[in-house]
1. Please work out if Glu36 is free of Cβ contacts under 8 Å to residues at least 24 places away in the same chain, open to solvent by 100 Å² or more (accessible area, probe 1.4 Å) and either of a type in the set (Lys, Arg) or under 22 Å from Arg111 (Cα atoms) (or both).
2. Go through Arg92, Arg111 for me and flag whichever is part of a strand (DSSP E or B), open to solvent by 10 Å² or more (accessible area, probe 1.4 Å) and under 24 Å from Glu43 (Cα atoms).
3. Name the residue that is most open to solvent (accessible area, probe 1.4 Å), counting only residues in segment 49-65 that are assigned to a strand (DSSP E or B) and more than 15 Å from Gln104 (Cβ to Cβ).
4. Show the residue pairs that are 6+ apart or on different chains and have beta-carbon atoms under 6 Å apart, the first residue being within segment 70-81 and in contact (Cβ under 8 Å) with a residue 24 or more places away in the chain and on the phi < 0 side of the Ramachandran plot, the second being in a loop (DSSP other than H, G, I, E, B) and open to solvent by 40 Å² or more (accessible area, probe 1.4 Å).
5. Within segment 66-87, identify whether any single residue is under 17 Å from Ile105 (Cβ atoms), exposed (fewer than 14 other Cβ atoms within 10 Å of the Cβ) and modelled with pLDDT of 95 or more, and answer yes or no.
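The values are calculated or read from the model by the stated rules, or taken from the named source; none is laboratory data. Everything quoted here is computed from the prediction, not taken from an experiment. Every residue, glycine as well, gets a Cβ built from its backbone with ideal geometry; the counts of neighbours run over all protein chains shown. Note: accessible area is taken over every heavy atom of the protein model, side chains too, but ligands, DNA and RNA are not part of it. Shrake-Rupley method; radii C 1.70, N 1.55, O 1.52, S 1.80 Å.
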Amino acid sequence: PLERALERVMQSVNTVLADDRGRWAISSLHDQARSEWALMRKEGVGSSKLIVDRSFIDRQSGERWIIDYKNSSPMPEECFDAFAEREAQTYREQLVAYRDAIRQIDANPIRCALYFTSQGRLHELVELSLPGVSA
């Protein structure tokens, strides 16, 4: 129960720290780095609150990254690529909402990804990328 949950959390932290892309994603050296970034999105006459797990502008590329952390794992006998695509289908709409809300305040190119903490793997949803907007 609690001990097992703590063990899984520690294992995921160690997995992220052992992965180059994991360390890159959590780095404080990015511009405008935010974790658990709360945004409001207008919807008709109302609004809704969005919480973005991680977002930053990569200093080398100038691209804004939106990363949604997931602790899920592939099913037995499921290859990582099939698992990642299944998860991408599940969370695509959520990432689009984050991307579209951020586009309203940021003209930088945008890239979206899921980061699987238990696997130490970043899965980019290339089809959700947006080019930068000229001022």
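1. For Glu36, the condition - free of Cβ contacts under 8 Å to residues at least 24 places away in the same chain, open to solvent by 100 Å² or more (accessible area, probe 1.4 Å) and either of a type in the set (Lys, Arg) or under 22 Å from Arg111 (Cα atoms) (or both) - is met.
2. The unique qualifying residue is Arg111.
3. Filtering first and then ranking leaves Ile51.
4. Final answer for the pair search is none.
5. The answer is no; no qualifying residue exists.
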